[in-house]
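Notes follow once the structure below has been shown.
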Amino acid sequence: MISYLKGKIVEKNPAYVVLETAAGIGFYVNISVATYSQLKDNEEVKMLTYFIVKEDAQTLYGFLEEEERELFKLLISVNGIGPNTARLILSSMSVGEVLNAIATENVKAIQSVKGIGAKTAQRVVIELKDKTKKMELTNSSKISVAYNNNKYDALTALIALGFPKAGAESVLDKVIKADGIDLTVEELIKKSLKLL
């Protein structure tokens, strides 16, 4: 397994980054919105990774913090949650919010993520309650950074997460109209995911 990559971000999107290593290889790494909000353009980073190999695809997922990677691994161990659904959960809720929902058995909070039904949300709580007690949070779980053209970045992320462009654009417009234009990309995506 590839444990981490160290290199320069040459392309950044709310759903993925292209990370160029010292060997000159550009790795396409899927990321959550939480990870995206902590990255700067052309930044040299050490990205923790999780590599998934299937019959038809080899996919790399990246994280800046160990607890996000650990929670991702726990989430994909639950029957009914694949890597993209786990990434959607981590894009909709912070690590702390997911851990809190599991600890307090708040099935509705987990069910509020698009594509998570009642039974799957219950399985997450039941299967992960004991496993998540050991996890500790760092202070950087709530970092948000302002970017230019937040609506475009949020729309790109929603499309990459599998939502149709027209519907995602309409929901983003509603969110901006209701909450103002000063929202970060992460906030725009989280609020939109609740309406999609």
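Considering region 69-80, and only residues there that are among the aliphatic types (A, V, I, L, M) and open to solvent by 10 Å² or more (accessible area, probe 1.4 Å), the residue that is farthest from Gly115 (Cα to Cα) turns out to be Leu74. Of all residues in region 178-195, those that are at pLDDT 85 or above and buried (at least 18 other Cβ atoms within 10 Å of the Cβ) have Cβ atoms under 6 Å from Cβ atoms of residues that are charged (D, E, K, R) and not in a helix (DSSP H, G or I), 6 or more apart or on another chain, in Leu193/Lys114. Would it be correct to say that Gly24 is more than 18 Å from Ala86 (Cβ to Cβ) and part of a loop (DSSP other than H, G, I, E, B)? Yes. Reported count of residues in region 149-167, each being open to solvent by 30 Å² or more (accessible area, probe 1.4 Å), aliphatic (A, V, I, L, M) and under 19 Å from Leu90 (Cβ atoms), is 3.
Taking the criterion of being under 17 Å from Ala157 (Cα atoms) and of a type in the set (Val, Ile, Thr), the residues of region 11-58 that qualify are Val17, Val18, Val29, Ile31, Val33, Thr35. Can you name the residue in region 1-56 that is over 21 Å from Leu71 (Cα atoms) and among the aliphatic types (A, V, I, L, M) and, of all such residues, is surrounded by the most Cβ atoms within 10 Å (Cβ to Cβ)? Out of the qualifying residues, it is Leu19. Is region 57-68 home to any residue that is more than 16 Å from the chain's Cα centre (by Cα) and either surrounded by 16 or more Cβ atoms within 10 Å (Cβ to Cβ) or not in a strand (DSSP E or B) (or both)? Yes, region 57-68 has at least one match. Assessment of region 117-137 against the conditions (at pLDDT below 90, small (Gly, Ala, Ser) and open to solvent by 10 Å² or more (accessible area, probe 1.4 Å)) yields no matching residue.
When Glu20, Glu44 are checked against the criterion of being more than 19 Å from Ser91 (Cα to Cα) and without any contact (Cβ under 8 Å) to a residue 24 or more places away in the chain, a single residue qualifies: Glu20.
The values are calculated or read from the model by the stated rules, or taken from the named source; none is laboratory data. A quick note: this is a predicted structure, and the numbers were derived from the prediction, not measured. Glycine gets a Cβ as well: all are built from the backbone with ideal geometry, and neighbour counts include every protein chain shown. The protein model used for the area step is the full one, side chains on, heavy atoms only, and it has no ligands, DNA or RNA in it. Shrake-Rupley method; radii C 1.70, N 1.55, O 1.52, S 1.80 Å.
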